[in-house]
Each structure stands twice: as structure tokens, then as C-alpha cells.
1. Is there any pair linking a residue in the range 127-142 that is more than 17 Å from residue 165 (Cβ to Cβ) to one that is surrounded by 17 or more Cβ atoms within 10 Å (Cβ to Cβ) and aromatic (Phe, Trp, Tyr), with Cβ under 9 Å and at least six apart or on different chains, and which?
2. Looking at the range 206-218, is at least one residue within 25 Å of residue 115 (Cα to Cα) and of a type in the set (Gly, Ala, Ser)?
3. Do you know which residues across the range 202-218 are of a type in the set (A, V, I, L, M) and more than 14 Å from residue 286 (Cα to Cα)?
4. If a residue must be among the β-branched types (Val, Ile, Thr) and in contact with a helix residue (DSSP H, G or I) (Cβ under 7 Å, 6 or more places away or on another chain), how many such residues does the range 289-329 contain?
5. Since residue 3 meets every condition but one in (1) surrounded by fewer than 24 Cβ atoms within 10 Å (Cβ to Cβ); (2) touching a Lys or Arg at 6+ places or on another chain (Cβ under 8 Å); (3) assigned to a loop (DSSP other than H, G, I, E, B), which condition does it not meet?
6. Based on what the data block shows, is residue 237 of a type outside the set (Gly, Ala, Ser), within 25 Å of residue 139 (Cβ to Cβ) and in contact with a helix residue (DSSP H, G or I) (Cβ under 6 Å, 6 or more places away or on another chain)?
7. For the range 37-62, how many residues meet the condition of being touching a residue at least 24 places away in the same chain (Cβ under 8 Å) and open to solvent by 30 Å² or more (accessible area, probe 1.4 Å)?
8. When only residues in the range 234-245 that are near the ligand (Cβ under 6 Å from one of its atoms) and of a type outside the set (Ser, Thr, Tyr) count, which is least open to solvent (accessible area, probe 1.4 Å)?
Amino acid sequence: MADVKAVLAWVEHDAGRVRRNGLEMATKAADLGRALQVPGAVVVLGPHAEQAANVLATTPVDIIYSGPDVPVDRFLGDPAVDALAAIVEENGPALVLLPSSNAGRDLAGRLGARLGAGVATEATDIIVRDGEIVVQSPKFGGSVTVSITFSGSGTKIIVCRANSFVARHEPGRGEIVTRGPVPAAAYPARIEETVAAEAGRQSVEEARIVVSGGRGLGGPEHFDIIQDLADALGGAVGASRAAVDAGWISHAHQVGQTGKTVSPQVYIACGISGAIQHKVGMRGAGTIIAINKDPNAPIFEFCDFGVVGDLFAIVPELTKLVRERKATS
Ligand SMILES: Cc1cc2nc3c(=O)[nH]c(=O)nc-3n(C[C@H](O)[C@H](O)[C@H](O)COP(=O)(O)OP(=O)(O)OC[C@H]3O[C@@H](n4cnc5c(N)ncnc54)[C@H](O)[C@@H]3O)c2cc1C
């Protein structure tokens, strides 16, 4: 039997706006807590944490730990590790869920070392089987899924892929517990300045519509037509690794095995062949539309709608039609 006494999910937010994977992880923490008959809780830290806590109170979690005075915006991972470790020590041993973001992965290593806890990464599902926690994680580009269990007792850490769990709302259930600041420590590294890379742009992981470009675009300047369609649809721009490796667009846009996992309602792949490493990052989309001039491109084997043709003719026309329809609706 798993010996944990709580399930705790650390949730990221942007100035109080909870990221989509935070809502997914909160729901998963609550469901795992119920399956293990222990409280399911979330931890939200830093400025505007109160705002995020109010949003998280609409999910099925039992407790929301809110630490608005924990200076996660001024130092690297250390204050978050201190705050989380203290909560785990009070409630533990615990099952800790962290997002598979840069900060989440950083925290997983630091917290694992601090608590001597095992870390399972890239979880796409977590189940309780005969009282044991079993983590599902895809390997080899998604061609196999391995089941991971933890040996020994104590706190266990799981890094969860975005868009793996379904978020649910059950307002009025969670109790908000406010945490004080962590004791002042001489942290070795301080954040001097934060610069938003692409202010105002949606991230591919959060967007409901993603329009992606691949090598078929032929050059960085042609990402403009992808951006235009994404803007017309209110979506975000994604890319294949070929486009990212060519330096046409930043890695933040890459979808796939070594990029982001997305599950938008609609995914439009333009000039992307559909390699398995790309497919594993977008196969969870509600509707997949492919535009490719090669009728034998692998993407036509798994898309919902396929258009065989030149993207330079089709994408601008599509953008025009979307804009016209918006203007008349
Ligand atoms: C370990 C590993 C990890 C990887 N991780 C990732 C990952 O995270 N994400 C990822 O995407 N890939 C990843 N890859 C790379 C992957 O195998 C493919 O090489 C890559 O996805 C190909 O990108 P692409 O489809 O843009 O390019 P290509 O395979 O070259 O396809 C370009 C497509 O554009 C079409 N095209 C060309 N011109 C036009 C036009 N004018 N109109 C319409 N269509 C046109 C062509 O017919 C072709 O199908 C990884 C590979 C490895 C080995």
C-alpha cells in the first residue's frame, strides 16, 4: 500500500492567472487523494497567489496552500523548494505533483535531493492500482508506454506532462490556508530582471487553436502567414522541430517529443510531414487538419481533415475567409 498522507500539486500561475495544466493537476491531485483516502491539495506561491487560490478553490481539491509572500519572483528555485519542503514535512510523506515546465522540472530535482525522494518524469497518467501508485510515461517517441512504481516508503515526486489530465470544477469545496513567508535565507542566485519573450502571445500549451508550420514553409519569413491565421482564429503558433532547428522560430513553439505536448480543440499543421516525434506532441488535439502538397505525407494517415495542396495558396485564403466570416458575424 502507498504510505502517503497527502497528495500535493504545485501550481504555476502568471500574476494570479492559473495555467491550464495547473487546473488539470489540481483535479488529478484531488482524484488521487480520494483514491488513496488522503487530502488532495495544491500549493500556489508568489505575488498574486491569493487570486490564483480563489480560482483553484473552484476545483475539487480539499486544501489550497497559498503563499503570496514567498519570494519566488526574486530568486531562482530556492524559496519554492523551502516552502514546498515545509508543507511536505508537515503533511508527509506526500505524493508531490509538479508540472513538466522549466520551473517544474528544476523544482523536481531540487526537492527530490532535499527530501531524498524518488522522481518519476513525463507522466501522462497516474493511477492507483491495488493501493500502489503507478505512473504511465511514454518512451521512445511514444512507441511504448512504461508503467513506473516507486520502491520504498516516503515522499514521491511525479513530473506531469501538460494536457494529460482533464480539469474539473467543483466550486466551494477547497479550504484556503495562507502560508507565511519562508524564513529569510541567503539564497545564492537572485533574479535581476524578467523580460517577457513574446508579450501578449498565447503559449501553444494553453491555446484552444494551434496553427503550426514546418519545413514546408521554406524560411523564417513565411511564419508570418502562420501567425496571421493563428491571429485570425485567436490561436497560437506551433512548429515542427525541423523549423526550430533551422532557426526559423524559437523552441518555445516546438510541438513534439522534444517540444511541447498540446491538446487544443483544433490543430492545423502546415507543411509538416507528420513524423512520429511530432505526432506524439499533438495527437491529443480534438480535430487535426493537415495542409501538405504531398498526398503520401504520413500526416494524412492520422489527421481528421487533409488538404493536398500548396500551403502558400491555401493558408492566406483560409485567413481571408476567417476574417470575412468574423466581420459578418
Ligand atoms: C530524438 C528526436 C526527437 C525529435 N523531436 C521532435 C519534436 O519534438 N517535434 C518535431 O516536430 N520533430 C521532432 N523530431 C524530428 C522529426 O523526426 C522530423 O524530422 C520533423 O518533425 C520533420 O519536420 P517537418 O515535418 O517540418 O519537416 P519534413 O519532414 O521535411 O516535412 C516537410 C513537409 O512539408 C511539405 N511541404 C513542402 N512544401 C510545401 C508547400 N509549399 N505546401 C504544403 N506542404 C509543403 C512536404 O511535403 C513535407 O511533407 C525529433 C527527432 C528525433 C530523432
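1. Pairs found: 132/150.
2. Just the residues of the range 206-218 that are within 25 Å of residue 115 (Cα to Cα), to begin with: none.
Among the residues of the range 206-218, not one is within 25 Å of residue 115 (Cα to Cα) and of a type in the set (Gly, Ala, Ser), which makes the answer no.
3. 204, 217 - these are the residues of the range 202-218 that are of a type in the set (A, V, I, L, M) and more than 14 Å from residue 286 (Cα to Cα).
4. 5
5. (2)
6. No, not satisfied.
7. The number of residues fulfilling the criteria is 9.
8. The extreme case among them is 243.
The values are calculated or read from the model by the stated rules, or taken from the named source; none is laboratory data. Bear in mind that the values here come from a model prediction, so they are computed numbers and not experimental data. Positions of Cβ are backbone-derived with ideal geometry, glycine not excepted, and every protein chain shown enters the neighbour counts. Calculation scope for accessible area: heavy atoms of the full protein, side chains included, ligands and nucleic acids excluded. Shrake-Rupley method; radii C 1.70, N 1.55, O 1.52, S 1.80 Å.
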